[in-house]
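Reading through the structure tokens given below for one structure.
All of the numbers you see were taken from the coordinates with simple rules; none came from a lab. Model, not experiment: these values are computed from the prediction. FYI the Cβ positions are ideal-geometry reconstructions off the backbone, even for glycines, and counts take in every protein chain you see.
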Amino acid sequence: MQDYEITLPEFEMIMSGGKRFFLTGFILYSVSLAGALQMWQLRKIGFHLYTVAQIFILALPVVMIKRYQLAILGIIVSGAFVFGYYSNLKYMN
């Protein structure tokens, strides 16, 4: 049996972001979660926290990782959630 070396260029590209990339991502995802929890309690500030965090989450790899291409599917999914939450903003205080 021969030894095969598995190369994952996408994994290597993401890992090239370094500690700062992952720390920033952790903070942004935490803010996004905090916003979702605030919206669960019908607070408008949660929508704003969530929306801003999602924008920065989408921009983070583009800014911090060389050769990273913007994920269109990520934009569509995030946009759908933001639109869904926006349509219910009138029920929040």
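Report, to the nearest 10°, how far helix 44-64 tilts away from the longest principal axis of the Cα atoms in the chain, using its own Cα long axis and a range of 0 to 90°.
Orientation of helix 44-64: about 20 degrees from the principal axis.
Remind me, relative contact order of the chain in percent, using alpha carbon pairs under 8 angstrom and six or more residues apart? Write out the running numbers ahead of the final one.
Details: 73 pairs, mean separation 26.5, N = 93.
That works out to 29 percent.
In degrees from 0 to 90, rounded to the nearest 10, what is the angle of the helix 72-87 Cα long axis to the longest principal axis of the chain?
Tilt relative to the chain: about 10 degrees.
Label Q41 and I55 with points 7 Å out from Cα along Cα→Cβ: what is the distance between them in nm?
Taking the two extended label points, one gets 2.4 nm.
Give the lysines reachable from K44 as a straight Cα distance under 23 Å; neighbours fewer than 8 places away on the same chain don't count.
The qualifying lysines are K90.
Across the range 33-42, in residue order, what do the Karplus-derived ³J(HN,Hα) couplings come to in whole Hz, using 6.51 cos²θ - 1.76 cosθ + 1.60 with θ = phi - 60° and x for Gly and Pro?
For the range 33-42, the Karplus curve yields 5, 4, x, 5, 5, 5, 5, 4, 8, 6 Hz.
Excluding same-chain residues fewer than 8 positions from K66, which lysines have a Cα within less than 17 Å of its Cα?
K19
By how many nm would the segment from E12 to Y91 lengthen if fully extended, with 0.36 nm per residue of separation less the alpha-carbon distance?
Taking E12 through Y91 to full extension adds about 24.0 nm, to one decimal.
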